[in-house]
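We did not get these values from a lab; they are worked out from the coordinates using the rules stated. Everything numeric in this text was worked out from a predicted model, so none of it was measured. Cβ atoms come from the backbone with ideal geometry, glycine included; neighbour counts cover every protein chain shown.
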Amino acid sequence: MNPDITLVMIVRDEEATLPRCLESVKGAVDEIVIVDTGSKDRTVETACRYTPGVYHYPWDGDFAAARNFALARANGGWILSLDADEELDPASGDLRALTGNKDGYEAYFLPLYNRAQGDGSPGQYHYVLRFFRNGCGYRFQGSIHEQVVVAYPEKTGVAAGPLIRHHTGGGRERNRKRGRNLKLLQRAAGELPAPFRQYYLGVEWLALGRPERALPCFEQALRQLTDAQLLFRLPALHHLLSCLTHLNRLDEAICLCLEECRRYPFYSDVLFAGGLLLETKGEYAAAVKWFQEALQCGRPPALFYHLEGTESFLSYFHLGHCYEQMGDHRQASGYYCRALAINPDYIYPLYNLFLLTLVEKGAVGTFECFQRAGYLSGLKQSALLADLFFEAGYPGLAAACLEAHGDSLSAPLRQHPARFHLYAGRPEQALLLFGRLAIAGGDPSSVTDEVVALILNRDFTAARSRALSLWRRPDGRSEALAQLVLISLLENGHSGLRPEKNREATVVRTVLTVVEYCLRALSTADGETARYRQLTERAVEWLTGLSPASCAALRCYLLDRAGAAGKLAMLKFGPAGGFWPCPAGRP
């Protein structure tokens, strides 16, 4: 009996991403056909671990030809097409349920979710034709940005799931592919209809950071694409608005939003985009109306290109920002809380909410408020709040934010509690934590923290040994020199060490960072602070006597602190209380 569902793929140099893709389809497909187009890494060996159906195709610059070569080797009654940087989310739907449909569908559009890795930004949803009957004339067409030809639209359905997740690769690899795609699009000038070719050219230019080149491409595509081509028209609209925004042509973008709102009055993405443009122009009251309309629209219909959250948490976040700018902090806080309640992983509202609550309730009140709200139960939010408390000058509260997550902290985060305890006036506790970490190398900033803890504990021999261990690393010598300066300052009261010119900037920045952190200990520490004060005073004296550049760096630091204090005063007392200078620039 022939397999029911066959996964077909073409790959090249995908050793790193292919296992995740193939693991995701276990149990969802019955056969896997992989065609390699000339890999130079271990892609073929990786593929052979999952399937005997691995074939080779000599690359000729034609993506459709390679995919059709793979199709010809599939035995399943249904075909699933994926790329190596994608994975199937089986929890979001069942492919086999689609094969037994009663509507006579031979092909399905599946939802694809694309999200940039690690930046916390919302992802985008759009639909792609990736699941279809084998042997019913479904073939790929187009040497670049190939698509499955839909011969009978009435036999094509739109499935709510399963979802395909796309993972964005590294910047260098993405740019390499963009350059390749531009060349292939130029070569395929007569193959693609004009609006589609212009659309794809625009996509490549925009991704390469050239909105001025992408703009005319999207303008032409949007003029020619119709509502029968929503899968292209709506992304073209989004990209055109992005180009106009990047080029600071905001009024043109707002006019385009008004025009498209008449065409799609139920489309939250366009209303959100209009609100964002008005917010950028400082027209907050008008922006509020657009965001509220976006919330009323709800999620767009299927096949509509959709930025995640325009109908919910994104609009609530920007409503909060608008009300904050208009001085209504209570309304702003309410909207930030609603955004966080809908999507706790979207942590940007937490920055604004933290500052507003800090002004209203003070540091301890803010900690207690966020604890009651549950913001300290999740690691992601707790880590952010720990950093915010520390930056605001409350290292003890920063340490408290992470107390419940000690065993689940990632490697980079494990060093944070030690730093927080150190500058909360608890060097002995910090040293215990550094000892548990047992960092043989460590990044230079963490080594600086450990050296400072040893200095404050008056263990100068161990501090000097740790600094010299960093000096042996070529990437840590400037920081190590700064640590030796700090050791001398507290041990001897002075330091004759003077960094070479090529190291001075890093040494000064490292010493200034320690000064800044020690000032936090002086203002909030719950222990003895005389050594923190001593180290701070001697470090400032050393900086003022080192060079004009170090004096300028110290001055810039003090101006930054004055600006931060001025911002808090503005929030708490309004413009009348903003007596503190907030420098617009530095000499």
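General remarks:
- Looking across Leu497, Leu490, one residue alone is of a type in the set (A, V, I, L, M) and either closer than 25 Å to Ala424 by Cβ or touching a Phe, Trp or Tyr at 6+ places or on another chain (Cβ under 8 Å) (or both). It is Leu490.
- Residue in segment 247-287 that is nearest to the chain's Cα centre (by Cα), counting only those that are of a type in the set (Asp, Glu) and surrounded by fewer than 21 Cβ atoms within 10 Å (Cβ to Cβ): Glu279
- Enumeration of residues in segment 328-341 that are touching a Gly at 6+ places or on another chain (Cβ under 8 Å) and aliphatic (A, V, I, L, M): Ala332, Ala339
- Options Ala399, Ala332: the member that is assigned to a helix (DSSP H, G or I) and in contact with an Asp or Glu (Cβ under 6 Å, 6 or more places away or on another chain): Ala332
- Residues satisfying the stated conditions in segment 111-133, i.e. of a type in the set (S, T, N, Q) and surrounded by 18 or more Cβ atoms within 10 Å (Cβ to Cβ): Gln124
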